[in-house]
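A short worksheet on the structure shown next.
The values are calculated or read from the model by the stated rules, or taken from the named source; none is laboratory data. No experiment lies behind these values; they were computed from the predicted model shown. Here Cβ is always computed from backbone atoms with ideal geometry, including for glycine, and neighbour counts include all displayed protein chains. For accessibility, only protein heavy atoms count, side chains too; no ligands or nucleic acids. Shrake-Rupley method; radii C 1.70, N 1.55, O 1.52, S 1.80 Å.
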Amino acid sequence: MRVLVTGGAGYIGSHTVRRLAEHGHEVWVYDNLSLGHREAVPAERLIVADLADRDTLLHGLQSKRIEAVVHFAALAQVGESVKDPLKYYGNNLKLSLSLMQAMQEAGIQKMVFSSTCATYGLPTRVPIDECEKQQPINPYGRTKLAIEWALEDCAQAYHWGFAALRYFNAAGASPRGDIGEDHNPETHLIPLVLQVALRQRPYIAIFGDDYDTPDGTCIRDYIHVDDLAEAHALALQRLSPGSAIKCNLGIGQGYSVKEVIKVCEQVSGQTIPFQVSARREGDPPRLVAQATRAHEQLNWQPHYRDLESIVESAWLWHRLHPFGYKSKT
């Protein structure tokens, strides 16, 4: 299948581009490189452009005879979305609708969408299954849910097939050590902790240690980026006209912030100091996935089932690339 991956030079996107190619798809990357990295994808497959550039987008869809889109391109910082909601509605929602309009004009009826567990907001029960009511508590989650709604309407009106994959905390890196996580600024816990192990920052900040959890720190479900990539490839294979696949992706096991720090110490062999600061607004105490539907509908099973193996892959990447893709190797 000929596939366009928007945001394909980003963290999860680049791993998915590789996995789709391994599945035999002809893959093209569409990325403005504002957050992605040219070095993360094959140069001959990269279209450097913005989703707002409608002419370039439509030309890419038509000239490459694209049959399906995997859509990652989005801003994804919860705190920033609260401070600047219009930025998120303009980028995430408006540009996604522009992409969908271009797809309709080009006759493309298949999309795998990078959604998020943030669409659930504060869950009423944990682990979270797909029957949980979607009540996002921040603009980031609301923009993602609005795109899910738009895709549902397109599936009914235009017989599109779509998958909305709601994943939890992406982590880890390719076991080859050549592509991985490189954000500026970095906001994800595991790379921040490993930066302390590399002595690039003096300590890791823990935002609140008074939650209703065994050690008082927030608990999250960490899913390896390659397992996320495989789920996107499997979802693409199962799309059919009018179909709507909505699945959670996680390993079903939660780890607290302090547990993550401990595992990073064990893997790196370094002592990792931490300091406790105030809670961040809107952080739920526990977010753990119930991913039974993904197992049943996609025949998906995570290869990385424990935090240690996930952190080991991340540590390999960060040791080889201490300054991300700008590192000299």
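Considering only A146, Q135, N91, the residue lying farthest towards the positive end of the dipole of the range 77-160 is N91, judged by Cα position with unit charges set on Cβ.
Counting only Cβ charges, +1 for Lys and Arg and -1 for Asp and Glu, the dipole size of the chain around its Cα centre is about 320 debye. The Rg/Rh ratio for the range 112-180 is 1.07, where Rg is the radius of gyration of the alpha carbons and Rh is the Kirkwood radius.
Using the Cβ-Cβ distance between Q200 and A52 with R0 = 51 Å, the FRET efficiency computed as 1/(1 + (r/R0)^6) comes to roughly 0.90. Taking every lysine pair in the chain that is 8 or more places apart or spans two chains, those with Cα atoms closer than 20 Å amount to 11. Given their separation in residues at 0.36 nm each and the Cα-Cα distance between them, C131 and E26 gain 34.3 nm when the chain is fully extended. Computed extension length for S63-E44: 5.4 nm, one decimal, from 0.36 nm per residue of separation with the Cα-Cα distance subtracted. Charged side chains reduced to their Cβ positions (Lys and Arg at +1, Asp and Glu at -1) give the range 26-90 a dipole of some 80 debye around its Cα centre. With the convex hull of the Cα atoms taken as the outline of the range 62-141, the averaged projected area works out to 6.3 nm². Taking the protein heavy atoms of the chain in the context of the full set of protein chains, the accessible area attributed to carbon and sulfur is 48 percent at 1.4 Å. Taking all protein chains into account, the per residue accessible area for the chain stands at 44 Å² (1.4 Å probe).
Which percent, nearest 5, of DSSP beta bridges in the chain are antiparallel?
Bridges in the chain that DSSP calls antiparallel: roughly 5 percent.
Against the main long axis of the alpha-carbon atoms of the chain, helix 54-63 sits at an angle near 70°. Legend: P(r) of the range 232-329 from all alpha carbon pair distances, 10 Å bins from 0, whole percents, reading 12, 29, 32, 22, 6, 0. Subtracting the Cα-Cα distance of D215 and S240 from their residue separation scaled by 0.36 nm leaves 4.4 nm.
Hydrodynamic estimate: the Kirkwood radius of the chain over Cα pairs, inserted into Stokes-Einstein at 25 °C and 0.890 mPa s, corresponds to D of 122 µm²/s.
So, in Å, what gap is there between the alpha-carbon centers of the range 224-252 and the range 294-314? When both Cα centres are located, 13 Å separates them.
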